[in-house]
Amino acid sequence: MKSGLKIIVQSSKFFYDYLKDNLNKIHEIKYFKAQNKEFFSHCKNTDVLITMSWGRSMFGGKKATSIVPQKKLKLLHLPGAGYDGIDFSKISKNTKVCNVYGHEIPIAEYCIANMLAWEINLINKANNFKKLNWSDSLILGAMPHGELYNKKVGILGYGKIGKEISKKLSCFDCAIAAFTRRKIRKNKYLSAAYLSLDLKKHIQSLDYLIIACTLNSSTEGLIGVDLLSAMKKTAVLINVARGEIINEKDLYNALKLKHIGGAVVDTWYKYPNATSIKFNPSKYDFHKLKNIVMTPHVSAWSKNMIVRRAKLIKLNIENLYNKKKLINEIKFNNF
């Protein structure tokens, strides 16, 4: 029997535990929580590296990070979908790079849960009633809440996430429009399909705008003061993509001055290191605003999603070992 692969996991320990329990025992697998000296010393001779960051800080960060030369690396496997934390110029052409998906289901559910909660003002009403306060009740003549039914929703980016959102939203009879870099055909879930360049022409009619596109040179800072000022005063912006797609200052001002109704933000401008718990995700005090729902990059992080991704990583490791075609291989010659 030929010798197994040397594998390093520098990601959530969930992936390490799954691979350790399910991969053939001929493979050698090690886990590192952070990219430290010991991690890099082992990287020099590894065959497979599982990480979201190589030569660049992850989640949209632009900071360069230290790496070591790779001579044996056969596969760099991302345990996530976004590869903005990878400096492709520092990867050998002999190294294959793959990513994973499976996150579109929980992200779509996250978006819809927040849209429903926003329409009902659910959290505030529930918290008020825990104080035995009946002021939100119809019995006392309170203002009625909204409905998701018949709302106009724009989705910027129509990949796996955008498609799953439109599929799940369709049962609420929403008018859904996709905005994409290249023209696409309408499907049974879409009321309209436009080019991203035409977003400003249609943004004033939207009740919700969901950001679900990738971060790249054409989308960085795409949502700025021009588009935010064109939105309805009651419109809600939802970001489950990357923070830098929305101009940080412009979003803060739009919310603070109530130029838009509100925002639901799960992806941010700054991220803590592995040991930080209390950390401001922006240079602005979004957390002091009342018209924003803030979550710490959790929309995709479901138990089932982790298993789906871990299974695909395991399959790709086995395919690599058996010299079979890899799934979700990223062609990075143009990076």
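Where a number appears in this text, it was derived from the coordinates with a stated rule and is not lab data. For clarity, every value in this text was computed on a predicted model and none was experimentally measured. Glycine also receives a Cβ, built like all others from the backbone with ideal geometry; neighbour counts cover every protein chain displayed.
Here's the list of lysines a cross-link from residue 152 could span, going by alpha-carbon distance under 19 Å and ignoring same-chain residues fewer than 8 apart: 163, 167, 168, 186, 188, 200, 201, 232, 233. A simple spin-label model places the labels of residue 66 and residue 322 4.0 nm from each other, with each point 7 Å out along Cα-to-Cβ.
Taking the Cα centre of the chain as reference, the dipole from Cβ charges on Lys and Arg (+1) and Asp and Glu (-1) amounts to some 1080 debye. Of all aspartates and glutamates in the structure, the ones whose alpha carbon falls short of 14 Å from that of residue 258, not counting any fewer than 8 places away in one chain, are 250. Once the Cα-Cα distance is subtracted from the 0.36 nm per residue extended length, the residue 249 to residue 200 segment shows a gain of 15.7 nm. Sites listed here are trypsin sites (Lys or Arg not before Pro) in the stretch 99-131 whose DSSP assignment is loop and whose Cβ has at most 15 other Cβ atoms within 10 Å: 131. For trypsin sites (Lys or Arg not before Pro), the sites in the stretch 1-86 that DSSP calls loop and that have at most 10 other Cβ atoms within 10 Å are 2, 25, 62, 63, 71. Helix 13-22 and the longest principal axis of the Cα set of the chain meet at an angle near 50°.
With r defined as the distance between the Cβ atoms of residue 116 and residue 2 and R0 fixed at 45 Å, what FRET efficiency is calculated, to the nearest 0.05? With a Förster radius of 45 Å, E is 0.25.
Of the trypsin sites (Lys or Arg not before Pro) in the stretch 253-335, the ones in a loop by DSSP (not H, G, I, E or B) with at most 11 other beta carbons within 10 Å are 278, 283, 290, 323, 324, 325, 331. Stretched out straight at 0.36 nm per residue, the stretch from residue 184 to residue 167 would grow longer than its current Cα-Cα span by 4.5 nm.
Here the sum of -39500 (n - 2.57) over DSSP H runs of 4 or more residues, divided by the residues of the chain, equals -8000 deg cm²/dmol at 222 nm, to the nearest 500.
Taken along the Cα-to-beta-carbon direction at a fixed 7 Å, the label points for residue 329 and residue 294 span 4.3 nm. In this simple spin-label approximation, residue 131 and residue 147 carry label points 7 Å from Cα along the Cα→Cβ vector, and these lie 3.0 nm apart. For the chain, the longest principal axis of the alpha carbon atoms and the long axis of helix 104-120 meet at an angle near 20°. Remark: 305, 52, 143, 294 ranked as 143, 294, 305, 52, counting other beta-carbon atoms within 10 Å and listing the fewest first. Its Cα centre serving as origin, the stretch 104-294 has a Cβ charge dipole (Lys and Arg +1, Asp and Glu -1) of approximately 200 debye.
For residue 308 and residue 276, the FRET efficiency from 1/(1 + (r/R0)^6), where r spans their Cβ atoms and R0 equals 35 Å, is about 0.80.
Note on percent of Cα pairs over 28 Å apart: of the candidates (1) 48; (2) 44; (3) 39, the value calculated from this structure sits at (1).
Taking Cα atoms only, the orientation of helix 160-169 departs from the longest principal axis of the chain by about 30 degrees.
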